[in-house]
Amino acid sequence: MEEKKIIVNNICCIGAGYVGGPTMSVIADRCPNINVEVVDLNESRIDAWNSEELSNLPIFEPGLDQVIKRTRGRNLFFSTNISEAIAKADMVFISVNTPTKKKGLGAGQASDLKWIEACARQVAKFSKGKTVVVEKSTLPVRTAEVIKKILGSYQIINENNEKEFCVLSNPEFLAEGTAIDNLENPDRVLIGGDDENSIKSLVNIYTNWIPEKKIITTNLWSSELSKLAANAFLAQRISSINSIAAFCEVAGADIEEVSKAIGSDSRIGSNFLNASPGFGGSCFKKDILNLVYLSRYFGLPEVADYWESVVRINEWNQKRISELIVKTLFGTISGKKIVILGFSFKANTNDTRESPAIRISKDLLEEGAKVVIYDPKVKSSQIINDLEPYSSTENCLSTQPHKNFIDGTWCFSEHLEDSFDGADAVVVLTEWPNFATIKWSSIANRMRSPGWVFDSRRIVNEKDVLSSGLNYWSIGRKYN
Ligand code: NAD
Ligand code: UGA
């Protein structure tokens with residue numbers, strides 16, 4: 001007898017973060033007949049998702065506010081009532097964090113699945129009837145097995161046998177800063193599973209706005225592994241281009257010319273070839289380390305070493321930039337004022353997780369610099385957390401810039417224009433578009449001479465910097 005078609009009227013998403021929030025907003029927008037409830041343990045995050053003022057949403061993502069405006073209160077809801085949302089749902093997306101384990105077996109490499117396990121137990125306990133459970137978080141290969149086991153144990157102990165589960169893998173490929181565009185027009189949607197009806201129910205949701213030919217279906221393990229592999233390949237490209245950028249700096253080549261030349265080969269392609277202070281973000285490092293851990297676990301140490309080197313080059317690249325700043329500023333930056341422009345890990349997001357700015361700022365603070373930090377979207381409270389144990393200084397932006405500013409401390413600058421008085425150097429770490437249009441001629445005379453601009457993103461107007469009498473260094477080019 002053929003199984004009954006699964007009709008999805010109610011979706012619950014556990015985890016209202018950088019993935020859960022935007023992903024569910026777009027599903028609600030494109031599927032007005034489906035009720036979508038996004039739940040989270042974090043009450044203040046849910047309050048922020050519900051805030052009337054759309055500029056107070058907990059994450060900044062271009063276009064997100066408009067999607068929320070259309071959907072919130074219509075068929076999109078944010079709440080902390082996890083049990084009720086699960087009980088109502090025909091389909092539950094698990095979209096919680098899966099950071100690298102800090103302690104115990106696999107510490108420093110394996111993913112910590114404690115939040116995933118908690119979700120599986122919550123779903124097992126509160127769900128009713130048939131529930132399709134969708135892994136949206138990025139997970140180690142074969143995690144679906146763990147989830148199935150937890151759900152299965154409840155399925156058996158339930159006397160009326162009224163609970164039934166099916167687990168699918170549906171990894172998310174959105175990039176921060178372009179999340180809405182990526183969700184509305186993805187390159188592909190990947191669904192892994194072994195139950196035809198459940199797969200169909202998820203395909204039916206996506207075909208509301210995505211052509212069916214873009215939907216790839218695979219077995220569970222291929223889907224889980226493809227997500228880790230995609231991130232590893234992307235990160236590998238950045239480590240590759242950054243290693244060549246360092247080579248350019250000693251050999252007299254120019255990384256922009258080299259990127260263009262190699263990217264014109266259609267087999268290589270031109271995307272993701274921008275030299276930088278290194279890749280940041282919550283996922284590349286964590287996902288590669290997870291791949292490294294699994295490779296060793298499955299008896300493939302050479303494979304593990306290969307991927308681990310991608311992370312090592314990234315760390316080396318960040319270190320070499322802070323060392324280069326110290327060397328250029330005559331071997332000491334103690335007491336010198338250095339302005340960091342951009343603290344998020346890339347432009348168009350307020351996310352600072354694994355941002356190269358954290359490592360580089362800490363290195364400069366360790367050397368005794370007075371660090372001024374400006375970012376158009378990152379809040380000072382976030383930077384306080386990120387730069388622990390280094391403390392911030394109050395009122396350092398007064399007209400007497402050095403007065404209250406203690407060596408080895410930092411301060412937050414709310415306005416770009418206020419950042420430069422008495423500075424010895426400016427270091428551009430994020431490619432925010434407004435850094436490209438800074439008028440260096442009006443800034444140079446406020447800095448201490450000789451002043452430097454270090455451009456780790458190749459975004460600054462070099463001619464303007466040089467004609468203002470400042471010195472200039474940019475990544476991937478030789479300077480005498
Ligand atoms: P996040 O930390 O921003 O959000 C996760 C949320 O889950 C948090 O708000 C947390 O409070 C909540 N949570 C944890 N356990 C819970 C529980 N038991 N019940 C209810 N809520 C719970 O994380 P994120 O950036 O959204 O990433 C989530 C997953 O998606 C990760 O596996 C990540 O690797 C993957 N991913 C992230 C991105 C990205 O751009 N950030 C892109 C693709 C995939
Ligand atoms: C990345 C992937 O691009 C997404 O497909 C994936 O879903 C996501 O990780 C995830 O799993 O979390 P994200 O980290 O948001 O997305 O941003 P990217 O645009 O990939 O940038 C990552 C880092 O690489 C940033 O620090 C960025 O500045 C850096 N980068 C990127 C470069 O240094 N050079 C480039 O050419 C491109």
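The values are calculated or read from the model by the stated rules, or taken from the named source; none is laboratory data. This structure is a prediction, so every number in the text was calculated from the model and none was measured. Positions of Cβ are backbone-derived with ideal geometry, glycine not excepted, and every protein chain shown enters the neighbour counts. Areas reflect the complete protein model, heavy atoms only, side chains present, ligands, DNA and RNA absent. Shrake-Rupley method; radii C 1.70, N 1.55, O 1.52, S 1.80 Å.
Could you go through segment 94-114 and let me know if any residue there is under 30 Å from residue 280 (Cβ atoms), open to solvent by 20 Å² or more (accessible area, probe 1.4 Å), within 10 Å of ligand 1 (Cβ to nearest atom) and in a helix (DSSP H, G or I). Yes, because at least one residue in segment 94-114 is under 30 Å from residue 280 (Cβ atoms), open to solvent by 20 Å² or more (accessible area, probe 1.4 Å), within 10 Å of ligand 1 (Cβ to nearest atom) and in a helix (DSSP H, G or I). From the list 344, 334, the lone residue that is within 16 Å of ligand 1 (Cβ to nearest atom), of a type in the set (Ser, Thr, Tyr) and either touching a strand residue (DSSP E or B) at 6+ places or on another chain (Cβ under 9 Å) or under 30 Å from residue 471 (Cα atoms) (or both) is 344. Residue 117 passes every criterion in (1) modelled with pLDDT of 95 or more; (2) open to solvent by 10 Å² or more (accessible area, probe 1.4 Å); (3) assigned to a helix (DSSP H, G or I); (4) in contact with a helix residue (DSSP H, G or I) (Cβ under 6 Å, 6 or more places away or on another chain) apart from (4).
A Cβ distance below 7 Å, combined with a sequence gap of six or more or placement on separate chains, defines the contacts here; from segment 263-280, residues that are in contact (Cβ under 8 Å) with a residue 40 or more places away in the chain and farther than 11 Å from residue 240 by Cα reach residues that are of a type in the set (Asp, Glu) and near ligand 2 (Cβ under 10 Å from one of its atoms) in the pairs 280/354. Could you please let me know if residue 60 is within 16 Å of ligand 2 (Cβ to nearest atom), crowded, with 18+ Cβ neighbours inside 10 Å and assigned to a loop (DSSP other than H, G, I, E, B)? So residue 60 fits the description; yes.
Please work out if residue 27 is part of a helix (DSSP H, G or I), in contact (Cβ under 8 Å) with a residue 24 or more places away in the chain and surrounded by 20 or more Cβ atoms within 10 Å (Cβ to Cβ). Taking the combined requirement at face value, the residue satisfies it.
There is at least one residue in segment 1-10 that is of a type in the set (A, V, I, L, M, F, W, C), more than 20 Å from residue 85 (Cβ to Cβ), free of Cβ contacts under 8 Å to residues at least 60 places away in the same chain and in a loop (DSSP other than H, G, I, E, B). With respect to (1) in a loop (DSSP other than H, G, I, E, B); (2) farther than 23 Å from residue 199 by Cβ; (3) away from ligand 1 (no atom under 13 Å from the Cβ); (4) modelled with pLDDT of 95 or more, the lone exception for residue 87 is condition (1). The single condition among (1) within 21 Å of residue 165 (Cβ to Cβ); (2) within 16 Å of ligand 2 (Cβ to nearest atom); (3) open to solvent by 10 Å² or more (accessible area, probe 1.4 Å) that residue 37 does not satisfy is (2).
Here's a check for you: in segment 182-233, which residue that is assigned to a helix (DSSP H, G or I) and of a type in the set (Lys, Arg) is surrounded by the most Cβ atoms within 10 Å (Cβ to Cβ)? Talk me through it step by step, then tell me what you get.
Residues of segment 182-233 that are assigned to a helix (DSSP H, G or I), as a first pass: 182-184, 196-206, 212-214, 220-233.
Narrowing further to those that are of a type in the set (Lys, Arg): 200, 213-214, 227.
On the way: 200: 14, 213: 7, 214: 14, 227: 23.
Step by step, filter segment 182-233, then rank; the result is 227.
Acidic (Asp, Glu) and assigned to a strand (DSSP E or B) - does that describe any residue in segment 121-139? Within segment 121-139, one or more residues are acidic (Asp, Glu) and assigned to a strand (DSSP E or B).
Which of the residues spanning segment 235-258 are more than 23 Å from residue 283 (Cβ to Cβ) and either in contact with a Leu (Cβ under 7 Å, 6 or more places away or on another chain) or in a helix (DSSP H, G or I) (or both)? Result: 244, 246, 247, 248, 249, 250, 251, 255, 256, 257, 258. Taking into account only those residues within segment 150-175 that are modelled with pLDDT of 95 or more and either within 16 Å of ligand 2 (Cβ to nearest atom) or open to solvent by 70 Å² or more (accessible area, probe 1.4 Å) (or both), which is nearest to residue 120 (Cα to Cα)? Among residues in segment 150-175 that are modelled with pLDDT of 95 or more and either within 16 Å of ligand 2 (Cβ to nearest atom) or open to solvent by 70 Å² or more (accessible area, probe 1.4 Å) (or both), the one nearest to residue 120 (Cα to Cα) is 169.
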